[in-house]
Amino acid sequence: MESHVARLARAQVLAGDDVLVIGGDPGHMAVACGPRVRILPATTVSQVRLAVRRWAPGSDVVHAHMTAAEIACATAMVGVRTPLVVTRHFASERGSNPVSAVVGSAAGRRVDAQISISHYVADTISGASVVIHPGVDSITATRPAAERERVVLVAQRLEREKDTEVAMRAFALSGAAGRGWRLDVAGDGAERARLVALAGELGIGGSTRFLGHRRDVLALMESAGVLLAPCRVEGLGLTVLEAMAAALPVVAVGAGGHLETVGAAAAAALHPPGDVVRASELLTVLTTDAAHRDAYGAELQRVQRAHFTPSHQAERTAEVYRGVR
């Protein structure tokens, strides 16, 4: 989420806007946003409310991300005429529990416009929204397959809804380990211990590395050979977009936001949700054919550069802003 906000803020500043970002990890946001974006630390809903109450009246628009931020902004902006725009990132209604759902629903009535990060999200949530796909920075120089490591990468939170087990089973079934490939799992979560045990059960314990939470995922992508993206409920998938920018071949589930990213490529390597056999077949083709990896990675990169850039996202977001002012 911080990366999404930082990229958009940086692009908006380049387009001539004056942007103040409230919240996020102060050190990370300052670096990610760049020197021209103002950062105001806030770690609690109360701190966000106070900051919004101070800055909203003199702003042209307030833009909130996530339910907690929406609630903070909506309650802080009672009696304030400044428009409130929100971005919906998940294919679900507001709130993770009954209380936050009720409060979130009430806060939603203060919202002047909704942005959805994908058609998948827009079709799931209530209320009208404008679909604006997030953008990622394009990478000008990427490595060909011959210069990449024989690494199959998974980069996501290790939670049950992410379906990491599907990726692991597909890697094991593909026999890639026997051809000298390694599985790197970047991310952490409640499923880690179970997945470590599963690697042993599948016979891939010696060729699987659990890297934990990493801030250098882009560097991992630039050196890896293939990315597996098994999560069927991904709103869009910034990790997949970053892989596309790095010309990294992606095997993804044919569901959720992946249909709008990887699915835009003619050679899209998509498999049905939970289909380990089909995922392993796609992975086998890629791990045995370097030329195919290069061609497919280049096509994914072209799709990213044409449709998923921060400048395009900022332009479309500005149109929404103009519509509510």
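The values are calculated or read from the model by the stated rules, or taken from the named source; none is laboratory data. Everything numeric in this text was worked out from a predicted model, so none of it was measured. Quick reminder, even Gly has a Cβ in these numbers, built from the backbone with ideal geometry, and neighbours come from all protein chains shown.
Overview of values
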| quantity | calculated |
| --- | --- |
| Hits in the range 123-163 (condition: touching a residue at least 40 places away in the same chain (Cβ under 8 Å), out of contact with any helix residue (DSSP H, G or I) (no Cβ under 8 Å at 6 or more places or on another chain) and either crowded, with 16+ Cβ neighbours inside 10 Å or among the aliphatic types (A, V, I, L, M) (or both)) | LYS162, ASP163 |
| Strands (runs of 3 or more DSSP E) wholly inside the range 225-284 that include at least 2 residues being modelled with pLDDT of 95 or more and closer than 20 Å to ARG143 by Cα | 226-229, 250-253 |
| Among the candidates ALA122, ALA106, ALA32, ALA64, residue that is assigned to a helix (DSSP H, G or I) and touching a strand residue (DSSP E or B) at 6+ places or on another chain (Cβ under 9 Å) | ALA122 |
| Single residue of VAL45, VAL52, VAL13 found to be at negative phi, among the aliphatic types (A, V, I, L, M) and touching a strand residue (DSSP E or B) at 6+ places or on another chain (Cβ under 7 Å) | VAL52 |
| Which numbered condition HIS63 fails, given (1) over 21 Å from MET1 (Cα atoms); (2) out of contact with any helix residue (DSSP H, G or I) (no Cβ under 7 Å at 6 or more places or on another chain); (3) surrounded by 19 or more Cβ atoms within 10 Å (Cβ to Cβ) | (1) |
| Of residues in the range 197-217 being under 17 Å from GLN156 (Cα atoms), over 20 Å from the mean Cα position of the chain (by Cα) and not hydrophobic (A, V, I, L, M, F, W, C), the one surrounded by the most Cβ atoms within 10 Å (Cβ to Cβ) | THR208 |
| When residues of the range 183-196 are limited to those that are acidic (Asp, Glu) and closer than 26 Å to GLU222 by Cβ, the one nearest to the chain's Cα centre (by Cα) | ASP188 |
| Filter result for the condition that a residue is within 15 Å of GLY205 (Cα to Cα), at pLDDT 95 or above, in contact with a strand residue (DSSP E or B) (Cβ under 8 Å, 6 or more places away or on another chain) and of a type in the set (Val, Ile, Thr), over VAL151, VAL166 | VAL151 |
| Residue check for ALA318: outside any loop (DSSP other than H, G, I, E, B) and outside the structural domain of GLU165 (by TED's automatic domain parsing) | yes |
| Residues of the range 172-183 satisfying the condition of being surrounded by fewer than 23 Cβ atoms within 10 Å (Cβ to Cβ) and either of a type in the set (Gly, Ala, Ser) or touching a His at 6+ places or on another chain (Cβ under 6 Å) (or both) | ALA172, GLY175, ALA177, GLY178, GLY180 |
| Lone qualifier among ARG194, ARG169 - being over 18 Å from VAL277 (Cα atoms) and surrounded by fewer than 22 Cβ atoms within 10 Å (Cβ to Cβ) | ARG194 |
| Filter result for the condition that a residue is part of a helix (DSSP H, G or I), among the charged types (D, E, K, R) and within 27 Å of ARG214 (Cβ to Cβ), over ARG49, ARG7 | ARG7 |
| Verdict on ALA229 being within 19 Å of ILE117 (Cβ to Cβ) and hydrophobic (A, V, I, L, M, F, W, C) | yes |
| Qualifying residue in the range 56-71 (condition: closer than 17 Å to PRO134 by Cβ, of a type in the set (A, V, I, L, M) and at pLDDT below 95) | yes |
| Whichever residue in the range 1-27 is without any contact (Cβ under 8 Å) to a residue 60 or more places away in the chain and surrounded by fewer than 15 Cβ atoms within 10 Å (Cβ to Cβ) and, among such residues, is nearest to VAL62 (Cα to Cα) | LEU20 |
